[in-house]
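Beneath this line is the structure, given in structure tokens, with notes to follow.
The values are calculated or read from the model by the stated rules, or taken from the named source; none is laboratory data. The model shown is predicted, which means the values in this text are computed figures rather than measured ones. Here Cβ is always computed from backbone atoms with ideal geometry, including for glycine, and neighbour counts include all displayed protein chains. For the accessible areas, the whole protein counts, side chains as well, though only heavy atoms, and no ligand, DNA or RNA atoms are used. Shrake-Rupley method; radii C 1.70, N 1.55, O 1.52, S 1.80 Å.
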Amino acid sequence: MIIQVSDHAERVDIISAMPVWKRICLALLNLIPLLAPYELLWRVQWHDYWNPVFLLFALVSAGAIAPIAVSGLFLFAALAGLSSQMTFNVLRSTFTYSERAPIVPQRTQVLPLSSIESIHIRPQEWSEGSPSYSLRVTMFNGAIFNSGSSQSRQEIEQAKVQVEAFLNRTQGWRRLS
């Protein structure tokens with residue numbers, strides 16, 4: 001996930017976009033588990049379907065249900081991977097959170113800036129590999145909004161500092177922890 005922070009005079013945008021190249025790679029990975037059934041059943045020009053070799057290949061291809069399910073997961077990740085955007089807008093005095101993906105309609109929530117309770121960094125520990133981090137905005141009504149994740153804590157800390165500095169200079173905002 002790529003985290004971009006754009007700081008303007010009247011607003012700060014934190015955009016967490018799933019790169020197009022990652023969507024394309026996931027979609028292409030979707031094709032690999034489908035290769036065995038294709039090679040065994042369709043590529044070969046079978047003239048007689050009731051012979052032991054074809055039946056064995058059909059059985060092997062039918063047994064490839066798990067790889068085909070994995071193929072479907074890759075395709076789902078490519079099409080449903082969310083991109084999000086957080087916008088802190090002082091002119092409108094709003095916090096806007098949007099999520100979108102190629103097969104998911106865009107969802108947008110707009111709340112007043114005054115309803116922000118806290119802004120902090122949320123670590124996500126993984127059983128394998130290093131943790132990832134996201135910026136979490138918690139509202140007084142209990143709603144929680146997370147940016148996309150990053151492997152770099154410094155990147156998320158920088159985004160948090162930029163948001164806090166923006167809110168402090170535009171509104172005399174209290175220090176958000």
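For Ala80, are the conditions met, namely being of a type outside the set (Ser, Thr, Tyr), at pLDDT 90 or above and farther than 25 Å from Gln154 by Cβ? Judged against the criteria, Ala80 is not a match. Take the residues of the stretch 51-75 that are of a type in the set (A, V, I, L, M) and touching a residue at least 12 places away in the same chain (Cβ under 8 Å): which is least open to solvent (accessible area, probe 1.4 Å)? This residue is Ala64.
A residue that is of a type in the set (Val, Ile, Thr), at pLDDT below 75, part of a loop (DSSP other than H, G, I, E, B) and farther than 28 Å from Ser150 by Cβ occurs somewhere in the stretch 40-53.
For the criterion of being at pLDDT below 85, farther than 30 Å from Gln158 by Cβ, in contact with a Ser or Thr (Cβ under 7 Å, 6 or more places away or on another chain) and surrounded by 12 or more Cβ atoms within 10 Å (Cβ to Cβ), Pro37 passes.
Can you say whether Gln85 is open to solvent by 40 Å² or more (accessible area, probe 1.4 Å), part of a strand (DSSP E or B), polar (S, T, N, Q) and within 22 Å of Val20 (Cβ to Cβ), as far as the supplied structure shows? Explain how you work it out, then say what you get.
Values: open to solvent by 40 Å² or more (accessible area, probe 1.4 Å): yes; part of a strand (DSSP E or B): yes; polar (S, T, N, Q): yes; within 22 Å of Val20 (Cβ to Cβ): yes.
So Gln85 passes the test.
Among the residues of the stretch 1-27, the ones that are surrounded by 12 or more Cβ atoms within 10 Å (Cβ to Cβ) and assigned to a helix (DSSP H, G or I) come to 5 in all. If you go through the stretch 10-31 and keep only what is under 30 Å from Phe166 (Cα atoms) and not aliphatic (A, V, I, L, M), you end up with Glu10, Arg11, Asp13, Ser16, Pro19.
Collect the residues in the stretch 132-148 that are in contact with an Asp or Glu (Cβ under 7 Å, 6 or more places away or on another chain) and over 18 Å from Ser98 (Cα atoms), keeping them in residue-number order. Walk me through it before giving the result.
Restricting attention to the stretch 132-148, the residues satisfying the condition of being in contact with an Asp or Glu (Cβ under 7 Å, 6 or more places away or on another chain) are 138-140.
Phe140 - this is the single residue of the stretch 132-148 that is in contact with an Asp or Glu (Cβ under 7 Å, 6 or more places away or on another chain) and over 18 Å from Ser98 (Cα atoms).
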